[in-house]
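**Q** Got a structure here, written out as structure tokens. Questions coming.
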Amino acid sequence: MAVPFKVGDIVTRDGTDLQKIIEINDVGDLILVECVKEPLGYLNDDGSRGTPWCAIGEQEWNLSRRYEHAGTLVDGLAHPLSCETGPPPFAGMRALGQP
């Protein structure tokens, strides 16, 4: 199995959270992530949001298949986020999936 992530990548589970990859197991199916942006919480049937499943600074091991690379749109172009490259300039930046 190809490992889609590397340590330092910024990933998301639902598009409202940001997690930094701290460690990856040898197979690549488990990753240790640290919350760097709290999610909005699960969307309830009535449209309200539940309690976020993680808080900034919390770490957990989870299945890598639950995550995808987080990205940003800068001038309409998608850019991956990585701690090695750093985020693109903040001017004109918005999170993917956000208005």
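**Q** Hey, what do the phi angles of region 47-60 turn into as Karplus ³J(HN,Hα) couplings, whole Hz, using 6.51/-1.76/1.60 and θ = phi - 60°, x for Gly and Pro?
**A** In residue order, the calculated couplings are x, 6, 10, x, 5, x, 7, 8, 10, 3, x, 6, 10, 7 Hz.
**Q** Something else now. Beta carbons within 10 angstrom, averaged per residue: use that to sort the peptides 42-50, 18-26, highest first.
**A** 18-26, 42-50
**Q** Tell me, what ³J(HN,Hα) does each residue in region 6-23 have, in order and in whole Hz, if you take phi through Karplus 6.51 cos²θ - 1.76 cosθ + 1.60 with θ = phi - 60° and put x for Gly and Pro?
**A** Coupling constants for region 6-23: 9, 4, x, 5, 9, 10, 9, 9, 10, x, 9, 10, 10, 10, 9, 6, 9, 8 Hz.
**Q** Report the local net charge at Leu32: Lys and Arg +1, Asp and Glu -1, summed over other residues whose C-beta lies under 10 Å from its C-beta.
**A** -2
Readers should treat all values here as calculations from the given coordinates under stated rules, not as data from a laboratory. Note that the structure is a prediction, hence the values are computed from the model and not measured. Please note: Cβ atoms are built from the backbone with ideal geometry, for glycine as well, and neighbour counts cover all protein chains shown.
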